[in-house]
Amino acid sequence: MNSSFRTDRTYALELDRQDPLSAFREQFVIDNPDMIYMDGNSLGRLPKVVAERVNSVVTGEWGNDLIRSWNQGWWESPTRIGEKIATLIGAAPGQVIVGDSVSVDLFKLTTAVLSLQSGRTKIITDTLNFPSDLYVLQGCISLLGNKHKIIRIGSQDGEITPDLQALYNAIDRDTALVTLSHVVFKSGYLYDMAAITEKAHQVGALVIWDLCHSVGALPIELDACHVDFALGCTYKYLNGGPGSPAFVYASQDMGQNATSPIWGWWSQSSPFSFDLDYIPAPGMKKFLTGSQPIISMLSLEAALEPHLQAGMQPLRKKSIQMSEYFIQLSDSILSPLGFKLGSPRIPEQRGSHISLRHPEGYRINRVLIDELNVIPDFREPDNIRYGLAPIYTTFADIWDAADRSRQAVADKLYEKIPLTRLTVT
């Protein structure tokens, strides 16, 4: 912790003046400076360059060039953008491609792994994983005749930290697949990717890492960690926009050996020959399926530019500084009001969002959004998540979010909010 820490807002402004990444905030649309956006871990802000790019794609490429645009960069975009993401996740060229959604891509990878792991019946995951990942695993098991079983490792401290000993004990020679979220979605706990991947490989298991809550917030070294497969979304810290396409990574060996279960014309080796029999394309193109959402795809490509300019090491350094500062503020001004830290205290075990827990967490979250101009999000049963996007979040933002959270409880503002949950929390 920083020994010079103070709880006044002037200290936050001093930290902002010292921030070498502060200029990147100017690359994002921020029309209301009083609105404190703390949900970049669910949907990132709009980069200004994206609005410009979308206008160019719609009016120039679609509007004027029409179908000719497929030969002017559209067709190659999944591979081209995949190579840009590869530089953010420690992947060599030819190992990342963009397309479809996380759930669809996880289905492809899970089915591919299980087909390579004949005779093994266990899939190891945890109860902290994002539920839709678990749904996909359940669907794969059902589709393959219920020959596999899912082992879900629990938490040792109320959904903050996974039970690592139980996880290591569960990974044995009957394990086909270990699949985990690199950063878990409620607490922000950060797994040791290298250690768990090595443990899986010692017994012949394969690994799929979900990078949704880590990509764009911290350095990832997939090749160095000898990861088999990974995937992630692009609308959180990468700011690709709502519903922007996901990406898939495969190691050199797995990219050659694995077979995607969904065959489509974009993954055909010669799509414009229109052969009636399918032959998969070489390399990562085999993981594509049908026509790609080109407007979203090209929006994402533009959105990546700030991260490519800033670099992941500086972004991680700032992320740690911000989360440490937020925790200090929480300990000082929020903990007396019943807030409890729902994230790991050790920086190396933490991603880039902080979860604060409170018995009235839902209503506090709602009053922050409805009346106090702070936008975090809520996760059951009592987690208020504050997403710290180092590319544009300021230390003053963090101070304002903490102070308005204090106000929500100290002034009992949350009491006017009904207990009934909205659909999207």
> So for the pair Glu198, Arg80, with labels modelled 7 Å out along Cα→Cβ, what separation do we get in nm?
Replying inline: 4.0
> Where the convex hull is taken over the Cα atoms of the stretch 3-65, what is its projected area averaged over directions, in nm²?
Replying inline: 6.6
> If you build the Cα gyration tensor of the stretch 222-372 and take the root of 5 times each eigenvalue, what three semi-axes come out, in whole angstrom, biggest first?
Replying inline: 42, 19, 15
> Kirkwood Rh, Cα Rg: Rg to Rh for the stretch 300-415?
Replying inline: 1.00
> Which of the peptides 363-373, 183-193, 208-218 is most tightly packed, and how do the rest follow, judged by the mean count of other Cβ atoms within 10 Å per residue?
Replying inline: 208-218, 183-193, 363-373
> Can you give me the relative contact order of the chain as a percent, contacts being Cα pairs under 8 Å and 6 or more apart?
Replying inline: 22
>> Could you tell me which residue out of Ala195, Ala224, Leu134 lies farthest along the dipole of the stretch 52-308 toward its positive end? Charges go on the beta carbon: Lys and Arg +1, Asp and Glu -1, centred on the Cα centre.
In response: Leu134
>> How large is the direction-averaged shadow of the alpha-carbon convex hull of the stretch 52-308, in nm²?
In response: 13.9
>> What aspartates and glutamates does Lys412 reach when the alpha-carbon gap must be under 15 Å and sequence neighbours fewer than 8 apart in one chain are set aside?
In response: Glu360, Asp370, Glu371, Asp403
> Using alpha carbons only, how many degrees (0 to 90, rounded to 10) separate the axis of helix 77-86 from the longest principal axis of the chain?
Replying inline: 50
>> Let me check the size of the stretch 17-139 from its C-alpha atoms; what are the radius of gyration and Dmax in Å?
In response: 20.1, 59
> Which of the lysines could a cross-linker span from Lys318 if the Cα-Cα distance has to be under 30 Å and same-chain partners fewer than 8 positions apart are dropped?
Replying inline: Lys48, Lys84, Lys186, Lys236, Lys340
> Just from its helices, what would the mean residue ellipticity at 222 nm be for the chain, if runs of 4 or more DSSP H residues each count -39500 (n - 2.57) and the sum is divided by every residue, rounded to the nearest 500 deg cm²/dmol?
Replying inline: -9500 deg cm²/dmol
>> On C-alpha positions alone, give me the angle between the axis of helix 102-116 and the longest principal axis of the chain, in degrees, nearest 10.
In response: 50
>> To the nearest 20 Debye, how big is the dipole of the chain about its Cα centre, given +1 on the beta carbon of each Lys and Arg and -1 on that of each Asp and Glu?
In response: 500
> By how many degrees, between 0 and 90 and to the nearest 10, does the Cα long axis of helix 395-410 differ from the longest principal axis of the chain?
Replying inline: 60
> Shape of the stretch 155-262 from its Cα gyration tensor (a ≥ b ≥ c, root eigenvalues): rounded if a/c is under 1.5, otherwise prolate when a/b > b/c, or oblate?
Replying inline: oblate
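Read-outs: derived from the displayed coordinates by stated rules, not from any lab. If you're wondering where the values come from, they're calculated on a predicted model, not measured in any experiment. Quick reminder, even Gly has a Cβ in these numbers, built from the backbone with ideal geometry, and neighbours come from all protein chains shown.
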